[in-house]
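Trainee: Sharing a structure, written as structure tokens. Questions coming.
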Amino acid sequence: MAFQKPQSSSFATTSRTHMRPSGGTIDDSFLTEIKNTQNRKLSQKQKTLSCQFSIGDQLSPWPTYTTDQTILHNRKPCSYDYRKRAGSWQKQPLGITKPRYLEQLENYLRKELLLLDLSTDSTQELRLQPYREIFDFFIEDFKTYKPLLSSIKNAYEVMLAYQREKIRALEPLKAKLVTVNEDCNERILAMRAEERYEISLLKREKMNLLKLIDKKNEEKISLQSEVSKLRKNLAEEYLRYLSERDARKILIADLNELRYQREDMSLAQSPGIWGEDPVKLTLALKMARQDLTRTQMELNTMKANFGDVVPRRDFEMQEKTNKDLQEQLDSLRSDYEEVCKEHEILLQLHMTTLKERDQFHSELQEIQRTSTPRPDWSKCEDVVAGGPDRWQKLAEGKNSDQLVDVLLEEIGEGLLREKDFFPGLGYGEAIPPFLRYDGFVENKKPSKKDVINLLKDAWKQRLVEEKEKFPDFFFSFLEHRFGPSEAMAWAYTIFENIKLFRSNEVMSQFYAVLMGKRSESVYIKQKETVAQLLKEMTNADSQNEGVITMENLSTVLKSNFPFKKEEKIQELMEEGGWHPNSSNADLLNYRSLFIEDEEGQSMPFVQKLWEQYVDEKDEYLQELKQELGLELYDEVTLPRLREALMNIDPGLDKQTLNGYLSRAFQLPMTELPEEGEEKEEGIVVRLKIALERLQMTDIRRMGSQEQEPTS
């Protein structure tokens, strides 16, 4: 039977012409198309080969008994079937050739492999295709084992697809690894360059120090030679003075001997002068001479033994001087060591400063290159409603950031008045209760003054009724003021206005309290403080003329703010009208300090009072953070926060302290554990959250830092 090989080279050609341009993998759609084409061709090949390769639906048992190749069967050698087959194989003749089916399959596989293009990246993928076809032929021909062989093939195909997807997923990681490797190499090169620079500086400093050491060694050698020379001269002078001393002693002895001889001769010549016995006088003279000689010898011995000895008084004086000099030397040596350490620190600081200077210089150049020029705010005079006069009034005393806010408010006010309706925000949990509405609500378009007056009326009503939460109270106030049908429209209108006009004091504070960013106790306490100041100044005005002296103003401020620093009191007095040339007797119209304009803006005195309160609160919380010694994302316990508050503010009473802790840990004051009863790890909160909660409430210093803690 002649074997007709199916034309399967078209698959290899198609596969070679439809490869992906990059990445070394085949597109999924392309693989699907190839598999469909492959299945159609495979069915045709199977039909052809089933007719050509089958011989009476029986396959030849070759090569089970040939000598060319041995196939191992998965059977136990000791089994009966194995011994039976082995006996039957031994009876078969040895000259049997390969079956035609096996030869045709091998020839087909060899030709298919030769037709493949092995120069592409997908060589292994294409190389498997002929083997798949041969395996499919086996599956179709072996009907009995077709399910098992099909499951085996499917298992391998699934594993190959999984490995292919895994390789495809790892390719971006390989590119990322290359990028990370390049970044690391660049960092290493930069660090090496910096180290080389530091090494060069250290080498330069080392050379300078070596030169200094050589110079000091040369000075030491020269001083040692000078000392040795002085010692030699001192020894020579000592010997010369010693010889002169001995010669002087001998000369004195000779002179004394000559004088004694002269006296003896004179006595011998005139014996009657003394009226004494010459023998007695001679004996007395002899004894006196012996005593003189002995005394002279003792004197010479004393001089010889104690000639170099100094008196005790001089010794003690020199010892005291030496001790003082030694103490001065030790002090100078310690000072020198400290100066050396400071010098090293200064050198390090100098190097750090140089690096920072270079960094700041580069940042300055970058900022100068990229920064935009300062705006010409005079261009806004013709755009803002009211002309130059109103713009000058709005821009007075404001920086660029504040001017941007003013300009945005002016633009937003125009856009706000153009709106006739506001879209409802819905009923989500993140929506404030007074804004929960679906649909469109009417824009009431009130004036800025009307909104401010409405907010003031709301605050007055709030001071009377403090039962419900502030957002609920606000909506109830609008319902009572405008009716239930108009309350939602007014809620949206007022909310959009106070959200826009952030520079207005009344609107910004009302917006912060309404949105929960600030406790309403802050606003109430500020108003009470201002009212108390006005009351104190009114009491100081005994004549009820509306004026007080600067001395009275200072007294009122110090009595109401006993813990403010002197410079803070000075700032408030300057805002009140005091200046360095003023005297204590100068009069001040104190009522003008508390006047508000038509937009609710306070006078500079009240504004400065609010600014000082905000600054003092920030300083208080910063001091609390430093006392805790924690990072913002660390957790703080209730006992530790209580201890820190008492340390930075010993004047805190128990009620105020419990109020701060209740606010920080969001616990009712009745549930706070007593001091000494709380557990160390019981109640905790992040430090950042605790500081934010304390920032929202009215917190201020209640005593000086030197004050003893209250029991």
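The values are calculated or read from the model by the stated rules, or taken from the named source; none is laboratory data. Since this is a predicted model, take the numbers as computed values, not measurements. Cβ sites come from the backbone with ideal geometry, for glycine too, and all protein chains shown count toward neighbours. SASA here: full protein model, heavy atoms, side chains in, ligands and nucleic acids out. Shrake-Rupley method; radii C 1.70, N 1.55, O 1.52, S 1.80 Å.
Residues checked against (1) in contact with a Pro (Cβ under 6 Å, 6 or more places away or on another chain); (2) at pLDDT below 85; (3) assigned to a helix (DSSP H, G or I); (4) open to solvent by 100 Å² or more (accessible area, probe 1.4 Å):
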position: Asp335; (1), (2), (3), (4): no, no, yes, no
position: Gln348; (1), (2), (3), (4): no, no, yes, yes
position: Glu366; (1), (2), (3), (4): no, yes, yes, no
position: Pro373; (1), (2), (3), (4): no, yes, no, yes
position: Lys379; (1), (2), (3), (4): no, yes, yes, yes
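Trainee: Within region 500-515, which residues are at pLDDT 85 or above and surrounded by fewer than 19 Cβ atoms within 10 Å (Cβ to Cβ)?
Mentor: Listed by number, the residues that qualify are Ser508, Ala512, Met515.
Trainee: Identify, from the list Pro172, Pro147, the residue that is exposed (fewer than 10 other Cβ atoms within 10 Å of the Cβ) and in a helix (DSSP H, G or I). I'd like the intermediate steps shown before the answer.
Mentor: On the way: Pro147 fails: exposed (fewer than 10 other Cβ atoms within 10 Å of the Cβ).
Residue meeting the stated conditions: Pro172.
Trainee: If you take the residues of region 629-646 that are under 12 Å from Lys688 (Cα atoms) and not β-branched (Val, Ile, Thr), which of them is least open to solvent (accessible area, probe 1.4 Å)?
Mentor: If we filter region 629-646 for residues that are under 12 Å from Lys688 (Cα atoms), which is where we start, we get 630-636.
Narrowing further to those that are not β-branched (Val, Ile, Thr): 630-635.
On the way: Leu630: 27, Glu631: 123, Leu632: 67, Tyr633: 148, Asp634: 59, Glu635: 113 Å².
Selected residue: Leu630.
Trainee: OK, next. Of everything in region 602-648, what is assigned to a helix (DSSP H, G or I), closer than 15 Å to Ala664 by Cα and touching a strand residue (DSSP E or B) at 6+ places or on another chain (Cβ under 9 Å)? Give them in sequence order.
Mentor: Across region 602-648, the qualifying residues are Leu628, Leu638, Leu641, Ala644.
Trainee: Take region 656-699 and flag every residue that is at pLDDT 85 or above, open to solvent by 60 Å² or more (accessible area, probe 1.4 Å) and part of a loop (DSSP other than H, G, I, E, B).
Mentor: Those that are at pLDDT 85 or above, open to solvent by 60 Å² or more (accessible area, probe 1.4 Å) and part of a loop (DSSP other than H, G, I, E, B): none in region 656-699.
Trainee: Check Thr321, Thr301, Thr353 and return the single one that is among the polar types (S, T, N, Q) and within 30 Å of Glu244 (Cα to Cα). Steps first, answer last, please.
Mentor: On the way: Thr321 fails: within 30 Å of Glu244 (Cα to Cα); Thr353 fails: within 30 Å of Glu244 (Cα to Cα).
Checking each option against the conditions leaves just Thr301.
Trainee: Within the bounds of region 544-558, is there any residue that is open to solvent by 20 Å² or more (accessible area, probe 1.4 Å), assigned to a helix (DSSP H, G or I) and among the hydrophobic types (A, V, I, L, M, F, W, C)?
Mentor: No, the conditions are met nowhere in region 544-558.
Trainee: Looking at (1) open to solvent by 30 Å² or more (accessible area, probe 1.4 Å); (2) in contact (Cβ under 8 Å) with a residue 40 or more places away in the chain, find the lone condition where Val406 falls short.
Mentor: That leaves (1) as the condition not met.
Trainee: Among the residues of region 476-499, which ones are without any contact (Cβ under 8 Å) to a residue 24 or more places away in the chain and open to solvent by less than 50 Å² (accessible area, probe 1.4 Å)?
Mentor: Those that are without any contact (Cβ under 8 Å) to a residue 24 or more places away in the chain and open to solvent by less than 50 Å² (accessible area, probe 1.4 Å): Ser476, Phe477, Gly483, Ala487.
Trainee: Let me ask something else about it. Determine if region 304-315 includes at least one residue that is over 27 Å from Lys249 (Cα atoms) and not polar (S, T, N, Q). Even if it seems obvious, please write down each step before you answer.
Mentor: So in region 304-315, the residues over 27 Å from Lys249 (Cα atoms) come out as 313, 315.
Imposing the further condition that a residue be not polar (S, T, N, Q) reduces the set to 313, 315.
For region 304-315, residues over 27 Å from Lys249 (Cα atoms) and not polar (S, T, N, Q): present.
Trainee: Looking only at region 559-575, filter to residues that are over 18 Å from Ala540 (Cβ atoms) and in a loop (DSSP other than H, G, I, E, B); which one of those is least open to solvent (accessible area, probe 1.4 Å)?
Mentor: Ranking the qualifying residues of region 559-575, first place goes to Lys564.
Trainee: If you go through region 626-642 one residue at a time, do you hit one that is modelled with pLDDT of 85 or more, of a type in the set (S, T, N, Q) and over 20 Å from Ser519 (Cα atoms)?
Mentor: The answer is yes; a qualifying residue exists.
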